[in-house]
Amino acid sequence: MADVASAVGITLRGNKAMCFNGHDTASPSFTVSKARNTWRCFGCGEYGDAIALVQKIHGLGFLEACNWLCGHFGIIGGNVPLGRRTHSVSRATSSRPASPHPPASSASPDPELYSWLVAHCGPVQASLGTTYLEAHGIAPELAHRFGVVELVDPARAYRELERHWGAERIRSAGLSGSRRALSWSGYALIFPFKFDATTQYLQVRCLQSSRKFFGPAGIPKPMFNNQRLSQLRPGSLLHICEGVPDAIAMEGSGLAAVAILGATSFRSEWVEELLPFDLVGVPDGDAAGEKFRKCLANEFRARSKSIRFVVPPEGMDASDVIARGMNA
Ligand SMILES: [Zn+2]
């Protein structure tokens with residue numbers, strides 16, 4: 001119960017906290033019973049268990065709150081299909097099969113729509129988001145500099161998007177599948193890929209669902225922070241990271257960095273753009289990172305260009321290392 005309370009942003013002192021309803025001024029009346037795994041507020045009389053608290057704080061239904069807890073605490077296989085209950089009647093009476101996902105080729109990047117979405121999201125404020133950024137070595141000012149925003153309510157965001165752009169435009173921008181909804185659920189951070197002041201691509205980091213990353217479907221992943229290349233002098237040190245937070249964290253430490261989202265998204269035409277620089281590859285310390293390292297090594301060897309690698313300890317990525325350095 002105490003873990004869940006702190007996960008939703010309630011700061012306990014012992015087993016007490018100021019109530020989330022905001023009526024406490026002097027003494028805290030929200031109380032957690034660690035023995036019973038429940039909470040109660042002696043001010044407003046509300047009470048419940050861990051699931052009820054998540055429902056209250058995040059405005060979720062019961063199943064959504066269960067999914068949030070599973071996602072947040074890494075409970076594998078706990079994701080409850082939300083559609084099953086609500087659609088059981090129509091499924092039983094309808095023989096229409098679920099519409100297949102649209103072919104990938106029908107999607108194209110939509111900088112105008114992406115920019116609009118990012119502009120209508122707020123700065124990262126929820127503890128879920130700030131905790132994630134801090135753990136990745138990204139201070140609030142740095143997040144702001146890179147335009148990182150939070151999207152708290154994807155259902156509402158979809159409605160607003162649809163009102164302004166229409167369902168078809170959202171779908172062809174790769175942000176919705178066959179359903180009229182964004183492709184992800186729950187609280188998420190959005191990392192915009194900016195070039196010439198427009199947002200060319202988005203990486204969505206979900207913090208409340210079992211799937212972590214979403215990008216516009218059917219759209220090739222561009223290099224993150226590629227506008228940096230035009231600001232660098234030939235021969236300058238340039239780090240090639242595997243993840244967006246890594247590149248941002250490195251930039252925050254004064255190191256020029258771009259990110260390439262995994263070995264499979266590397267495009268040979270990027271080699272040309274990267275040739276002028278003194279390259280350091282920064283793969284994650286895992287199996288995918290090893291694949292990434294090999295991919296970069298091969299691409300540059302083919303052009304007789306040398307590239308060094310800094311590999312973080314196993315199971316860590318560059319931003320873990322930077323975050324530890326910051327906190328040390
Ligand atoms: Zn209360």
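Values quoted throughout were computed directly from the atomic coordinates according to the rules given, and no laboratory measurement underlies them. A quick note: this is a predicted structure, and the numbers were derived from the prediction, not measured. Neighbour counts run over all protein chains shown; Cβ positions are idealised from the backbone, glycine included.
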Determine the sum of side-chain charges near G59: Lys and Arg each +1, Asp and Glu each -1, restricted to other residues whose C-beta is under 12 angstrom from that of G59.
-> 0
Apply the Karplus parameterisation 6.51 cos²θ - 1.76 cosθ + 1.60, with θ equal to phi minus 60°, to every residue of the range 136-148 and state each ³J(HN,Hα) to the nearest whole Hz, in sequence, with x for glycine and proline.
-> 9, x, 10, 6, x, 5, 5, 4, 4, 4, 8, x, 5
Cβ-Cβ cut-off under 13 Å around G129, Lys and Arg +1, Asp and Glu -1: the net charge is -1
Treat each spin label as a single point 7 Å out from the Cα along the C-beta direction, and report the S33 to R159 distance in nm.
-> 3.7 nm
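Around I307, with a cut-off of 12 angstrom between Cβ atoms, what is the net charge of the other residues, counting Lys and Arg +1 and Asp and Glu -1?
On the way: positive: R293, K294, R301, R303, K305, R308; negative: D278, E299.
Local charge sum for I307: +4.
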Taking the simple approach of a point 7 Å from Cα along Cα-to-Cβ for both K305 and A135, what is their distance in nm?
-> 3.5 nm
Using label points projected 7 Å from each Cα along Cα→Cβ, tell me how many nm separate S236 and H23, to one decimal.
-> 5.7 nm
Going through K56/K212; K56/K221; K221/K305 one by one, the pairs whose alpha carbons sit over 26 Å apart turn out to be K56/K221
Anchor K16: lysines whose Cα lies under 17 Å away (excluding residues fewer than 8 positions away in-chain) = K34
Taking springs between alpha-carbon atoms closer than 10 angstrom, which of V149, V258, V310 fluctuates most in the Gaussian network model of the chain?
-> V310
Estimated vicinal HN-Hα couplings, Hz - the range 235-247 in sequence order (Karplus 6.51, -1.76, 1.60; Gly, Pro = x) | x, 5, 6, 9, 8, 10, 9, 9, x, 4, x, 4, 5
Antiparallel DSSP bridges in the chain: what percent, to the nearest 5?
-> 70 percent
Among C41, C70, C206, which one moves the most in a GNM of the chain with springs linking Cα atoms closer than 10 Å?
-> C41
Using Cα centres only, tell me the gap between the range 6-39 and the range 189-208 in whole Å.
-> 35 Å
Considering the Cα trace of the range 104-214, what is its radius of gyration and what is Dmax, both in angstroms?
-> 13.5, 38
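If a/c stays under 1.5 just call it rounded; otherwise compare a/b with b/c (prolate if a/b is bigger, oblate if not). Do that for the chain, with a ≥ b ≥ c from the square roots of the Cα gyration tensor eigenvalues.
Oblate, because a/c is 1.5 or more while a/b does not exceed b/c.
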How far is helix 83-93 tilted, in degrees, relative to the longest principal axis of the Cα atoms in the chain, given as a value from 0 to 90 rounded to the nearest 10?
-> 80 degrees
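What FRET efficiency comes out for R40 versus Q125 if R0 is 35 angstrom and r is the Cβ-Cβ distance? Round to the nearest 0.05. Walk me through the numbers before you get to the answer.
On the way: r = 27 Å, r/R0 = 0.78.
So the FRET efficiency works out to roughly 0.80.
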